Every structure is written in structure tokens, then in C-alpha cells.
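K.L.:
One structure coming up, written as C-alpha cells, with questions to follow.
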Amino acid sequence: MSDTARPDPEVSSAAEQRASAPRYRPLRRFWPYVQLTEQPTLEEMAALDPDLEDALFGPRSRPFSFTIVFPRFDGPEYEQALEIARASAGYREVGEGDAFRSRARFTPSEAERLHALFTIVGRLDETEVLVDDRPLPYARELWLPLVWLLLPR
């Protein structure tokens, strides 16, 4: 037999443990989310999907509304459409680039502004009409003309 030295298993495992141990101790906080607030901001609450908001906070009474969602388009009417949309009860911009959309929420008392905005952006195929923030069948063909009945003559 040969007299070759065999490594001591206790010594090698301790050395391996020191080599694999981190050189620093991480803090007990989640790194990218250091300064999270406990309560959501008003902007975050406005951006919540109505179904998600109901699931998180329970059913809430919101006023009946129509939302017009439209993309950017060329022409001088775009600035006028943005001006009307920004004056709505709830306006926000979502997406970037080709997916950019302006969302304007109107209550029935704002039927005139809703009509003015839809007159400008209704011709676009990408324009969506949401009833209570949900897509409904025939929203453009049936529901909006019913709102036009609220317009003063």
C-alpha cells in the first residue's frame, strides 16, 4: 500500500463552507422596493381595473360612466380631442408607442362633452367605447345613441 496523504473530511468541509459563504450580509428588506408606501396613491387607485378594485376592496358604488379610448392620430383635431378628454371626469394615458391610448371617462351629466369627443374620434377603427369601464356589445351603435337622448335640444 502507498503512504499517500488523504485530506481530512472535517477540514475540507469547513474550508469549503468559508469559501462558499457570502462576504457580506444582506439587509432584511426587499432591495428594489425600499420605499414602498402602505397605501396606494390616488393615481394608482384610478388606474385599477374595476373588477380588480372590487376584488381587493369589495364592491363600491361608482357613478355610471362611459369611457372613450382612442389612439394618437394625425390632424389638427387631435389636440382638440385631447383638450375635451382632459376635461372629463377621469382622464389617463396608457401604453407607449403604437399602443398609446388616451382614456376619457364621462358621466351622463357630461353627455355634451362625450358627444363632442366621440364626434372627433368615433371615425377611427381603434376607438373603443366602454360602459362602466367594460366592453359591451353594441356600445357604439346602441348605448351611445341612448346617451345622445340626454342632450338638450
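The values are calculated or read from the model by the stated rules, or taken from the named source; none is laboratory data. From a predicted model like this one, the values you see are computed outputs, not experimental measurements. Neighbour counts run over all protein chains shown; Cβ positions are idealised from the backbone, glycine included.
K.L.:
Would it be correct to say that Asp74 is at pLDDT 90 or above and not hydrophobic (A, V, I, L, M, F, W, C)?
P.N.:
On the way: at pLDDT 90 or above: yes; not hydrophobic (A, V, I, L, M, F, W, C): yes.
Judged against the criteria, Asp74 is a match.
K.L.:
OK, next. Could you check how many residues of the range 84-130 are among the aliphatic types (A, V, I, L, M), out of contact with any Asp or Glu (no Cβ under 7 Å at 6 or more places or on another chain) and more than 15 Å from Trp148 (Cβ to Cβ)? It would help to see each step written out before you state the result.
P.N.:
The first filter runs over the range 84-130 and keeps only residues among the aliphatic types (A, V, I, L, M), leaving 84-85, 87, 89, 94, 99, 104, 111, 114, 116-117, 120-121, 124, 129-130.
So of that shortlist, the ones also out of contact with any Asp or Glu (no Cβ under 7 Å at 6 or more places or on another chain) come out as 84-85, 87, 94, 99, 104, 111, 114, 116-117, 121, 124, 129-130.
Filter once more, so that each one left must be more than 15 Å from Trp148 (Cβ to Cβ): 84-85, 87, 94, 99, 104, 121, 124, 130.
Qualifying residue count for the region: 9.
K.L.:
Still on this structure, please answer the following. Filter the range 131-153 down to the residues that are more than 22 Å from the chain's Cα centre (by Cα) and among the basic types (Lys, Arg), then identify the one that is nearest to Val69 (Cα to Cα).
P.N.:
Within the range 131-153, the match that is nearest to Val69 (Cα to Cα) is Arg140.
K.L.:
Could I ask something else about it? Just to be sure before I move on: is Thr67 at pLDDT 65 or above and of a type in the set (Val, Ile, Thr) in the structure I sent?
P.N.:
Taking the combined requirement at face value, the residue satisfies it.
K.L.:
State yes or no: is Leu56 surrounded by fewer than 13 Cβ atoms within 10 Å (Cβ to Cβ), hydrophobic (A, V, I, L, M, F, W, C) and either part of a helix (DSSP H, G or I) or out of contact with any helix residue (DSSP H, G or I) (no Cβ under 8 Å at 6 or more places or on another chain) (or both)? Talk me through it step by step, then tell me what you get.
P.N.:
On the way: surrounded by fewer than 13 Cβ atoms within 10 Å (Cβ to Cβ): yes; hydrophobic (A, V, I, L, M, F, W, C): yes; either part of a helix (DSSP H, G or I) or out of contact with any helix residue (DSSP H, G or I) (no Cβ under 8 Å at 6 or more places or on another chain) (or both): yes.
So Leu56 fits the description; yes.
K.L.:
Looking at the range 81-130, which of its residues are β-branched (Val, Ile, Thr) and within 15 Å of the chain's Cα centre (by Cα)?
P.N.:
Result: Val94, single match.
K.L.:
Sticking with this one: If the requirement is being at pLDDT 90 or above, β-branched (Val, Ile, Thr) and surrounded by 11 or more Cβ atoms within 10 Å (Cβ to Cβ), which of these qualifies: Val147, Val121?
P.N.:
It is Val121.
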